[in-house]
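The values are calculated or read from the model by the stated rules, or taken from the named source; none is laboratory data. Owing to the predicted nature of the structure, the values given are computational and were not obtained by experimental measurement. Every residue, glycine among them, receives a Cβ derived from its backbone with ideal geometry; neighbour counts consider all protein chains shown. Accessible surface is based on the protein model in full, side chains and every heavy atom, while ligands, DNA and RNA are left aside. Shrake-Rupley method; radii C 1.70, N 1.55, O 1.52, S 1.80 Å.
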Amino acid sequence: METEVKKYVGKSVYKGIAIGRIRIYEKGDSRVKREHISDALKETDRFNSARETAKEQLKELYEKALKEVGQASAMIFDVHQMMLDDLDYIESVTHIIESQKVNAEYAVACTADNFADMFGAMEDDYMKERAADVKDVSNRVIGILQGRSEGSVSGDEPSIILADDLAPSETVQMDKSKVLSFVTRYGSTNSHTAILARTMNIPALINVDFDDGLDGKQAIVDGYNGILYVNPDKELLEAMKKKQEQDEKNKKLLHELKGKENITTDGRKINIYANIGGVSDVAAALKNDAGGIGLFRSEFLYLGRDDFPSEEEQFNAYRTVVENMAGKKVIIRTLDIGADKQADYFNLGNEENPALGYRAIRICLSQPEIFKVQLRAIYRASAYGTVSIMYPMIISVDEVKRIKKIAEEVKTELSNLGIPYGEVEQGIMIETPAAVMISDELAKEVDFFSIGTNDLTQYTLAIDRQNQRLDEFYDSHHPAVLKMIQMTVENGHKGGCWVGICGELGADTTLTKTFIDMGVDELSVSPSFVLSVRKAVREI
Amino acid sequence: MKEFKYIIRDPEGIHARPAGLLVKKANEYTSTVTLSVNGKEADAKRIFAVMGLGAKKDMELSVKIEGEDEEVAAQSIKSFLEENL
């Protein structure tokens, strides 16, 4: 039954309501399987009816394009319809079905390949491009045959993304303006999908066992109750829209806190900064009145590509953020690749325990040539505002000394070339129990500490944050973790360092008072949490 | 059978849009319409074949029309080419 409301329950990782169409995120290709069939006539009928449906969709697209972009540009959808009526095309598909006794999907895919090859072999560059048109129309037919996408298909509208799981390299490549919500089958509350959803301020669900064939369907994500509704009826839609409006009202209330100080009723102050994962997040940080950038994850420059980013590319990204923050502090964390964040060209190899493996500062110290490129880019950007550098995964004083030596070399090189750079504070992430235990020694070497609670919790509790089966054992308020934070703050202050928290725990408003009592100087949270943390501070 | 030749003036040749229009035009008639360029032949009612000709500016296009309505078809296709290509 197409119109029946379907309800799937999962676990919410970010509250909110999203209403829109579903888009299934497919990994890679090889979606079409070759299957043997016995009734060729029936298969040909399937093909022809899918072809008709595809033509109707294209007709709709043509009409839509005609209104929006004019006849000349709309014409391509007309040509696509003709392609589906082309006798050579139809004969080829039918012939493959009949002679090889295979499923229609496979026959269409083969035909698409053959015709695309024909165009690809033409000398004319313009005609070469037409191979994409053949693939496009064929994929539409295959989609219909597989029961994906019904009704009008417009891949460009913002959608609810459904996927088995999303790797960091996949999410970084997504056009964020087209994402209303994430719903995944797997993943854990600490996975990157969850963190990304929080940064983007959109509802997200994990552990949802949704059915296949939902692509293109109308749906609602209820991030308050962890429910995905497919084909919602009118009543449900109305109710959810009301809830969405209420959310907006609450958001406005929070916005009234914009421009206000982060101060408790008894006069204690704290800095609230934002965590960002790329240049495009700066807007959200500013909109939510962050006092600075407490964690600028530089991985986005390295993920989702085939080779190292150049110094120039990095410099431009850092400089853009620094300039946009207009003098406010920007803390750039040097690359934290490895573990769950993989980039093939690093050739990290397979590891038994990647979380305990070759990652972050360990890569930088053993391959200083990679590290130096990033440091040069950061130092160059420091001439345009207030920049601090923070190093991840530190476990020893020796590492910090080696880092400082390399940083000095970079500064000397820049000075010799007459390239300007500013005063740059040096800090380290405290995210290993080792760093906590020697924080008194480390404090003598650096200007600040930033506690990465996600990894610190993972290493302290020996719980893999990617393993969803461990969620019930994972206690983010574990006394061991809180004691470690306290120890870090005390030792940091004794050694003249300011101490911040940049993990997810920083946004946990049930702990805000605890952190202020401990003497934490800064909390860096996802941009969307800045104002709610401010609210919590002002109520203490 | 009617036959005529036409030299393509459109700077982009028979690209997707005019190819589509030409196929539509040819389909208005029952006659078979065959196009040839540089020794390559194509049924004008089949879009992939027409696009596959790769006909570009300054090339000579031969048009062969055979069937009951060949008179009208030839007239109409000729003026179509003059207007669009």
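Of note, A:MET127 does not satisfy the criterion of being part of a loop (DSSP other than H, G, I, E, B) and under 21 Å from B:ALA44 (Cα atoms). Those residues that are of a type in the set (Ser, Thr, Tyr) and either away from chain B (no Cβ under 14 Å) or open to solvent by 70 Å² or more (accessible area, probe 1.4 Å) (or both), I need them from the stretch A:105-125; list them, please. Result: A:TYR106, single match. Put simply, of A:GLU352, A:GLU323 the only residue that is out of contact with any Phe, Trp or Tyr (no Cβ under 8 Å at 6 or more places or on another chain) and of a type outside the set (A, V, I, L, M, F, W, C) is A:GLU352. Condition check: open to solvent by 10 Å² or more (accessible area, probe 1.4 Å) and of a type outside the set (Val, Ile, Thr). Does A:GLY496 satisfy that? So A:GLY496 passes the test. For the condition acidic (Asp, Glu) and at positive phi, A:ASP289 qualifies. Candidates A:ALA355, A:ALA377: the one that is within 24 Å of the chain's Cα centre (by Cα), surrounded by 23 or more Cβ atoms within 10 Å (Cβ to Cβ) and part of a helix (DSSP H, G or I) is A:ALA377. Only one of the numbered conditions (1) more than 14 Å from every other protein chain (Cβ to nearest Cβ); (2) in a helix (DSSP H, G or I); (3) surrounded by fewer than 14 Cβ atoms within 10 Å (Cβ to Cβ) is not met by A:ARG46, and that is (3).
Here B:GLU12 meets the list (1) in contact with a Phe, Trp or Tyr (Cβ under 7 Å, 6 or more places away or on another chain); (2) more than 9 Å from chain A (Cβ to nearest Cβ); (3) among the charged types (D, E, K, R) almost entirely, failing just condition (2).
Against the conditions (1) at pLDDT 85 or above; (2) surrounded by 17 or more Cβ atoms within 10 Å (Cβ to Cβ), A:SER38 satisfies every one except (2). Within the stretch A:225-244, not a single residue is at negative phi, at pLDDT below 85, assigned by TED's automatic domain parsing to the domain that holds A:LEU162 and open to solvent by less than 50 Å² (accessible area, probe 1.4 Å).
Restricting A:ARG140, A:ARG130 to residues that are crowded, with 22+ Cβ neighbours inside 10 Å and either modelled with pLDDT of 90 or more or more than 14 Å from chain B (Cβ to nearest Cβ) (or both) narrows the list to A:ARG140. Of all residues in the stretch A:378-413, those satisfying the criterion of being among the hydrophobic types (A, V, I, L, M, F, W, C) and in contact with a Leu (Cβ under 9 Å, 6 or more places away or on another chain) are A:ILE389, A:MET390, A:ILE394, A:VAL397, A:VAL400, A:ILE403, A:ILE406, A:ALA407, A:VAL410.
Does any residue of the stretch A:315-324 turn out to be assigned to a loop (DSSP other than H, G, I, E, B), touching a residue at least 40 places away in the same chain (Cβ under 8 Å) and among the hydroxyl-bearing types (Ser, Thr, Tyr)? So far as the stretch A:315-324 goes, no, none of its residues is assigned to a loop (DSSP other than H, G, I, E, B), touching a residue at least 40 places away in the same chain (Cβ under 8 Å) and among the hydroxyl-bearing types (Ser, Thr, Tyr). Residue check: A:ILE96 meets all listed conditions (1) surrounded by fewer than 15 Cβ atoms within 10 Å (Cβ to Cβ); (2) touching a Cys at 6+ places or on another chain (Cβ under 6 Å) but one, namely (1). Filtering B:LYS56, B:LYS25 for residues that are within 14 Å of chain A (Cβ to nearest Cβ) and either hydroxyl-bearing (Ser, Thr, Tyr) or more than 21 Å from A:GLN81 (Cβ to Cβ) (or both) leaves a single hit, B:LYS56.
Quick check on my filter: what residues within the stretch A:337-350 are closer than 18 Å to A:ILE370 by Cβ and of a type outside the set (S, T, N, Q)? If the condition is that a residue be closer than 18 Å to A:ILE370 by Cβ and of a type outside the set (S, T, N, Q), then A:ILE337, A:GLY338, A:ALA339, A:LYS341, A:ALA343, A:ASP344, A:TYR345, A:PHE346, A:LEU348, A:GLY349 are the ones that fit.
Test of understanding: among A:VAL537, A:VAL520, which residue is open to solvent by less than 40 Å² (accessible area, probe 1.4 Å) and part of a helix (DSSP H, G or I)? Just one listed residue meets the conditions, A:VAL537.
When the strands (runs of 3 or more DSSP E) confined to chain B are screened for residues that are of a type in the set (Lys, Arg), open to solvent by 50 Å² or more (accessible area, probe 1.4 Å) and at pLDDT 85 or above, those reaching at least 2 such residues are found at B:2-7. Is it the case that some residue within the stretch A:405-422 is closer than 26 Å to A:GLY291 by Cα, surrounded by fewer than 16 Cβ atoms within 10 Å (Cβ to Cβ) and not aliphatic (A, V, I, L, M)? Yes, because at least one residue in the stretch A:405-422 is closer than 26 Å to A:GLY291 by Cα, surrounded by fewer than 16 Cβ atoms within 10 Å (Cβ to Cβ) and not aliphatic (A, V, I, L, M). Can you tell me which of (1) open to solvent by less than 40 Å² (accessible area, probe 1.4 Å); (2) in a helix (DSSP H, G or I); (3) not hydrophobic (A, V, I, L, M, F, W, C) is the one A:SER450 doesn't meet? (2) is the only condition that A:SER450 fails. Restricting attention to the stretch A:453-470, which residues are open to solvent by less than 60 Å² (accessible area, probe 1.4 Å) and in contact with a strand residue (DSSP E or B) (Cβ under 9 Å, 6 or more places away or on another chain)? Within the stretch A:453-470, A:THR453, A:ASP455, A:LEU456 qualify.
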